[in-house]
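*Asks:* If you scroll down you'll find the structure; I have some questions about it.
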């Protein structure tokens, strides 16, 4: 999964061809009001997935032996997100040191440990930089 993320970021960088700044942000902790909504949605999804698996087993369907990827792990504060952030920091440092296209660009990474949703972090960054005289 992490290798696929690396490949996609590299693909985006190649397509975008940034000249000054490349800002990446992943979701951090959401505001308290939204946390309750997200939590109930995650529990409902887990319950529905379990029910679907049980229904398939009762119908005699052959299920894959490998454990299915649980999308609930892609949430702020999970071990997966902590590992992903560390891997992305490594990837960024590696690309800057080895890829000449990355060297002339200021790369900013806002990880899961910075509160706020990724798209809101990006919008805030744009707003703050547009206000700067330079």
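*Asks:* Quick one: how many residues across the stretch 88-119 are in contact with a strand residue (DSSP E or B) (Cβ under 6 Å, 6 or more places away or on another chain), surrounded by 12 or more Cβ atoms within 10 Å (Cβ to Cβ) and under 19 Å from residue 20 (Cα atoms)?
*Replies:* Going through the stretch 88-119 one residue at a time, the tally reaches 6.
*Asks:* With respect to residue 32, is the statement that it is at pLDDT below 85 and loosely packed, with under 14 Cβ neighbours inside 10 Å true? Spell out how you get there, then give the answer.
*Replies:* Values: at pLDDT below 85: yes; loosely packed, with under 14 Cβ neighbours inside 10 Å: yes.
Yes.
*Asks:* For the stretch 97-128, which residues satisfy the criterion of being without any contact (Cβ under 8 Å) to a residue 40 or more places away in the chain and either part of a helix (DSSP H, G or I) or outside the structural domain of residue 21 (by TED's automatic domain parsing) (or both)?
*Replies:* 97, 98, 100, 103, 120, 123, 124, 126, 127, 128
The values are calculated or read from the model by the stated rules, or taken from the named source; none is laboratory data. Source: prediction; values computed, not measured. Methodologically, a virtual Cβ is constructed for each residue, glycine included, from the backbone with ideal geometry; neighbour enumeration extends over all protein chains shown.
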